[in-house]
Each structure stands twice: as structure tokens, then as C-alpha cells.
Amino acid sequence: MSTPRRYAPRFPSSLPWQLGILGALSLWLYLPTLIHLVGQWWHDPNFSHGFFVPLFSGFVIWQERHRLSRILPQPSWSALLVLAVGLAVLVVGRLGAELFLDRSSMLLVLASVVILFGGWAFFRAVLFPWAFLLMMIPIPSIVFNQITFPLQLLASQVAATVLPVLGVPVLREGNVINLPAMPLEVAEACSGIRSLMSLVALAIIYGYLTEKRLWVRWLLAIAAVPITVFANDVRIVGTGLLVQYWDPEAAEGYFHASWGWIIFVVSLFMLYALHALVRLVFPEDVLTEGELSGDELPEEASADSVLTERGGASLTPNATHAAFAAPGVRSSLASFILAALLIVSTATFLHARGRGEVFPPRLSLKQFPDQLEGRFGTDIPIDQDTLEVLGPGDFLHRYYQDANQTPAIDLFIAYFRSQRAGDTIHSPKNCLPGAGWTQLESRRVAIAAPGHSQFPATRYIIARGDSRQVVLYWYWAHDRGVASEYWAKFYLVADSIKMNRSDGSLVRLITPLLPGETPDTAAQRLLGFAADVVPQLQTYIPR
């Protein structure tokens, strides 16, 4: 009895040059995106792990090369739909000043190429290394800020709870821990976000290399989050102890940076210890044939067995060759040509629209009227640390008081000439808690100003100790006010596409809530002042 010959699936001979052409076209299309992305990996410590992500994905594919070579290529025309969606996302991201969309579209285009030449079965086989590439793309600033501020507050709260137990008196104001020796600020860099992003990526890599059980891999990846938070809390508490009992310089400089690396290594050991514990409690059993998943296909599986699983019947050698000569494979040239035309058309369109961003003339906020509604303004200096957090822009912080000494109004305006670098205006609902204020109430109100239709704003009531304040803020761009940072982001994308502008601003008013005064009364004070502010804005924040 003779042994049947085994036929390894083969891609068309034209595949190398077709892939080369699509790769060159894609590189031409995404070169600005890649340059900016690598630059952010290099300069932003929060995302420096991005260098290792594509390397690991490539390693996984190389390690699985023998199994992948046995998968029957079934090119699919539906790849063109995936490509069209990816290119549409690119256009919106590139013209709409949204870096996350711009960068994420690369993965959609990459997926379309895989499906175009290998089919959906091949794409499913490389789904893990493809999905892992998401780790190399920095999360949007609007989401990043939503993560870092709670982490900062959590770290400061834990430190303020633990340090008194260890004999260190603490007075916490937001993310600032006032110690007897010196105030200790839990800044963005101390929020643990750097360790969190890197440790999650490393946990996924570690789980893949050392563990076959899928549920354990998921456990390690998810456990990276509480491990990072715990380790960072230990870091803040340890820094407080060192500052109080040894040297205040331990909170800054080289020692502070080294302490961060030490805690990161401790996090890795904790991750390893968790894995060891799981292995001890749940020993790894030999998987039965029925438990093998698609990505755990035995090395000795033949092309015939793959075809049997997918088609429901074994194929003879002649049938095998017939399968590889199917119309889907023969038509790959036509689909390749259409894919190339889509990429070239998109690149040409973006190049034609790639004119310089429009920056209308405007006056500096320093020239904003210092007298409004009978109140006289006094400028409040903004310290350098705050300016670094705010990013590049034009800022005004002014205190308005009238001659009758009625409750003063604090005015803050932040204008950003361009937001295409990925920076997003910081929301007061994040910044105010960071300064020690607690939110008591939040609601939408309408602002009515002469010569302008009503628009929504957010009204906050905040407290710190015995103090109460009413806050009114809105996002303002191109003569339009919105209350939500998400709507502001939506209009940023829309205006960037339509007007080739990404400028925008935040306007914030604060007034104290006097004893016995109702929030509505204080809010009316702010609404009346806002009615005078709005007509002035278009001179300093172009329409």
C-alpha cells in the first residue's frame, strides 16, 4: 500500500512582485505616518515599547512559518472592501487631524493585503500577531487623559492613606501630597501609565512564549493592570518615606528615575510569580486532539488534512492541484490591480489636499480686554510646570473684580493654533480634581450672548474643604460652542477636513459660592459675565 503524496499549498508565482509593488505603494502612502509614529516612540517614554511590538509580531509569524505554509491560499475579493475601509479611515484621520485613525488604518490595509493573497483562513491564522500590532499605536490623547488622571488620584489617595500609618503626616490636595518635609506631586509621569503600557505588552509576549493555555495568557495580560497599579502605589509610598526620613532629593532627578526602573522590574517579578502560582495550582495537562485550536495545529499536519477540515472531504492529488488553480487564485491579478489603483488614488488625493494648514490672523490673548461687565482684570501668572502640561498654545488666566467687591470671576482661556500633533485640550473635569477639588454636581446649561445663538456649556459645583465654587466651561472653535470634549473632537475632525484648520480653545469661568448663596445665583453671575466674553472671542479665536 503506497503512501499518498502530500502537496504543500503554493501561492501564485507572481506573488513576490505583486507584494513588492503594494508594499512600495503603501510605504509611499504611509511614510509621513511612520516617521511621526517612530518619532513619538523615540521621544515619548509612555510609548517607547512601540519599537518592540512589530519585532515580536514578526517573530511570531516566523515561528509559525511552517504551519502557515500549509494553509490553502484562497484569495478573496472581499479584501478590496477591507482595503477601501482602511483607506477611508486614513483619509479621515489624515485630513481630520486624528492621529489614531491615521495610524490604525495601517492595520486595516495590512489585513486587506493578507486577505487579498492568502484569504480569510490565512488571516485568521495570523490574527494574533496582527492584533498585537495595536500595542504599537499610542492611544488617543482624549482617552489617555481619561486614564492618567484617575491613576494619579488613585496613587495619591493610597499614599495619603498608607503614609500616616507609617508615621508620616499627610495633607492631600488632589494629586499633591503635602509632607512635612516638602510637597510631593503625583505628576502624569508618576501615574504608572508608562509601566502599564509596557507591562501589558510584555505580559502578552511572556504569555505567548511560556504558556499554551489561552485562559492563562488572558489572565497574565489582565493581571498586568492591577500589578502595575500596586507597584506604582508602592513607589509613591516609598518616595514619601525617603523624602521624609532621608533626603528630599529622592523625589526628583536621577534617583527618582532609577526608582521607576526598579519598580518596573519588581512588577515583572510579580507577573512571573503569578504565573508560577497558576502553574502550581493548575498544572498544565497534555492537550487532547479535540482541545487543539486552529493555531496549535500539529507540525506534521498535511495539506490534505487541512483541506479535509475546511472542505469536509479529503482531496486526491489531482483535486488538490485543482483547488489551487481555482478562479479565486487566477483572479488575483485583477484584484491586485484594483488594490494598487485604490492606494495610488488615495495617495494622489491626499497629496493634492496636502496643502499647509490654514492659520487665520488673530490677536494674542494677552490683548484680551481687561475690563468686562464693569469688572477689572488682573493677570495671574501660569507656572512653567502647568505650561508644559498644557502644551503649545496661547493662554490667558485673569481675575476679574468690580469696585463693589462682589464675588470675583476667574477667567481662563486656552487657545491651540494646531492640534494635529495629537494634543487634546485638557478637560476641567480632570484638571480640577487634580488640584484637590471634588465634584458635587454637573449639568448642562445654555449660554445666550448678544449676536450669537444659544449654545451648551457645562456647569460644575466643586468643593475643597469648606470652600465651594461654581465652574462654567465650554469648548470654542470657529464661532461654535460645545459642552463636551467628545463633541469638540468630532468637530475638530470635521473642520479639519472641511476647512483645513485644527485650531480650538477652552473657556472656563469660576466664581466662589458664598455662604447662603444658591448655586443658581452664582451660576447667573457667570452666565452674565459669559455674555460679555463671547462677543470678544472671535477677535482672539478666529471664526
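Any read-out appearing in this document is the output of simple, stated calculations on the displayed coordinates, not a laboratory observation. Keep in mind the model is a prediction, meaning the values are calculated, not measured. Glycine gets a Cβ as well: all are built from the backbone with ideal geometry, and neighbour counts include every protein chain shown.
Could you run the Karplus curve 6.51 cos²θ - 1.76 cosθ + 1.60 with θ = phi - 60° over the range 71-79 and give me ³J(HN,Hα) per residue in whole Hz, x for Gly and Pro?
Working through the residues one at a time gives 7, 5, x, 9, x, 10, 5, 5, 4 Hz.
Arrange H275, H452 by Cβ neighbour counts within 10 Å, fewest through most, would you?
Numbers: H275 19, H452 16.
With the fewest neighbours first, H275, H452 line up as H452, H275.
Arrange the following residues from fewest to most other Cβ atoms within 10 Å of their Cβ: E357, E211, E98. Present the calculation step by step, with values, prior to reporting the outcome.
Working: E357 14, E211 17, E98 24.
So the residues, fewest neighbours to most, are E357, E211, E98.
Report the Cα-based extents of the range 35-187 along its three principal axes, largest first, to the nearest Å.
Largest to smallest, the principal-axis extents are 69, 39, 23 Å.
Would you list the P(r) distribution for the range 365-540, with all Cα-Cα distances sorted into 10 Å bins from 0 and each bin expressed as a whole %?
Result, from short to long distances: 9, 38, 39, 12, 1 percent.
Please work out how much length the chain gains when fully extended from Q439 to M499, using 0.36 nm per residue of separation minus the C-alpha to C-alpha distance, in nm with one decimal.
Full extension from Q439 to M499 adds 17.9 nm.
How do 364-370, 216-222 rank on mean C-beta neighbours within 10 Å, highest first? Don't skip to the end; give the middle numbers.
Working: 364-370: 13.6, 216-222: 17.4.
Final packing ranking: 216-222, 364-370.
Give me a comma-separated list of calculated 3J(HN,Hα) values for the range 449-457, in order, Karplus coefficients 6.51, -1.76, 1.60 applied at θ = phi - 60°, integers in Hz, x for any Gly or Pro.
Along the range 449-457, the couplings run 10, x, x, 9, 6, 4, 9, x, 9 Hz.
For M270, M136, which order do you get if you count the other beta carbons within 10 Å of each Cβ and list the fewest first?
Numbers: M270 18, M136 23.
Placing the least packed residue first, the sequence is M270, M136.
Which far-off residues, 5 or more places away or on another chain, put their amide H under 5 Å from the one on R417, with H placed in the peptide plane?
When sequence neighbours closer than 5 places are left aside, the close amide H contacts are D394.
Report the Rg/Rh value for the range 348-388, based on alpha-carbon coordinates and the Kirkwood definition of Rh.
Details: Rg = 18.8 Å, Rh = 14.7 Å.
Rounded to two decimals, Rg over Rh is 1.28.
From the phi angles alone, apply the Karplus equation (6.51, -1.76, 1.60; θ = phi - 60°) to the range 95-103 and give each ³J(HN,Hα) in whole Hz, x where the residue is Gly or Pro.
7, x, 6, 10, 4, 5, 5, 4, 6
Tell me which residues come under 5 Å, amide H to amide H, from N178 once H is placed; ignore anything under 5 positions away on its chain.
For N178, whose amide H was placed from the backbone, the distant partners under 5 Å are L171, R172, E173, L184.
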